[in-house]
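Okay, so here's the structure we're looking at.
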Amino acid sequence: MANKIETLALDLGDKIADSLGMSVIDAEFKKEDGKQFLRIYIDSADGIGIDDCEKFSRLFSDAIDAEDPIEKEYTLEVSSPGIDRKLKKDREFRHYIGREVDVKLYKKIGGFKEFTGILKDYNAGTAVVDKNGESVEINTKEAIYIRLHFEF
């Protein structure tokens, strides 16, 4: 059931986000503490603010209500992915190809356990990160995290 709702949320969300100049990064439908949550993570080249979340939320809420796929009461949450979000799903990795990422591994690869590089490719659980001109292939299951790099 969760996968069906997440798939529908991604389909509806993609259309709405595209019309607003945004992208849907992920959708999660989860039960926590006896309550159901539908979480949609959105992003754009300029970043996401509260007004963007509100605008997307209003449009998305109308669209998902028209489909009525969720039988019980649930809470809709719309937010940016956040600066410390680990890339988890294929969709996220593909979306962020070309962006700088921080990588932390369980075991060293090429003498490094932590590094920053450019996400060059992703396919079937393997991320390719350019570290100073050298392509490093990483099985995502062997990474503590791969997440977007941010300078403060």
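The values are calculated or read from the model by the stated rules, or taken from the named source; none is laboratory data. Note that the coordinates shown come from a computational prediction; the quantities given were computed from them, not determined experimentally. When we count neighbours, we look across all protein chains shown, and the Cβ atoms used for this are built from the backbone with ideal geometry, even at glycine. For accessibility, only protein heavy atoms count, side chains too; no ligands or nucleic acids. Shrake-Rupley method; radii C 1.70, N 1.55, O 1.52, S 1.80 Å.
Quick notes on this one:
- The residues in segment 76-107 that are under 20 Å from Arg58 (Cα atoms) and assigned to a loop (DSSP other than H, G, I, E, B) can be counted, and the count is 2.
- Criterion applied to Lys141, Lys55, Lys89, Lys72 was being within 13 Å of the chain's Cα centre (by Cα), within 29 Å of Lys4 (Cβ to Cβ) and not hydroxyl-bearing (Ser, Thr, Tyr), and the one residue passing it is Lys89.
- Number of residues in segment 46-82 that are closer than 30 Å to Gly125 by Cα and open to solvent by 90 Å² or more (accessible area, probe 1.4 Å) equals 1.
- Cβ-Cβ under 6 Å pairs, at least 6 apart or on other chains, segment 98-114 side open to solvent by 70 Å² or more (accessible area, probe 1.4 Å), far side assigned to a loop (DSSP other than H, G, I, E, B): Glu100/His149
- Of all residues in segment 13-45, those satisfying the criterion of being among the charged types (D, E, K, R) and either open to solvent by less than 30 Å² (accessible area, probe 1.4 Å) or over 16 Å from the mean Cα position of the chain (by Cα) (or both) are Lys15, Asp26, Glu28, Lys31, Glu32, Asp33, Lys35, Asp43.
- Residue check, Asp130 charged (D, E, K, R), surrounded by 14 or more Cβ atoms within 10 Å (Cβ to Cβ), free of Cβ contacts under 8 Å to residues at least 24 places away in the same chain and closer than 24 Å to Phe152 by Cα: yes
- Search result, residues across segment 43-75 that are in a helix (DSSP H, G or I) and either closer than 17 Å to Arg85 by Cβ or touching a Pro at 6+ places or on another chain (Cβ under 9 Å) (or both): Asp52, Cys53
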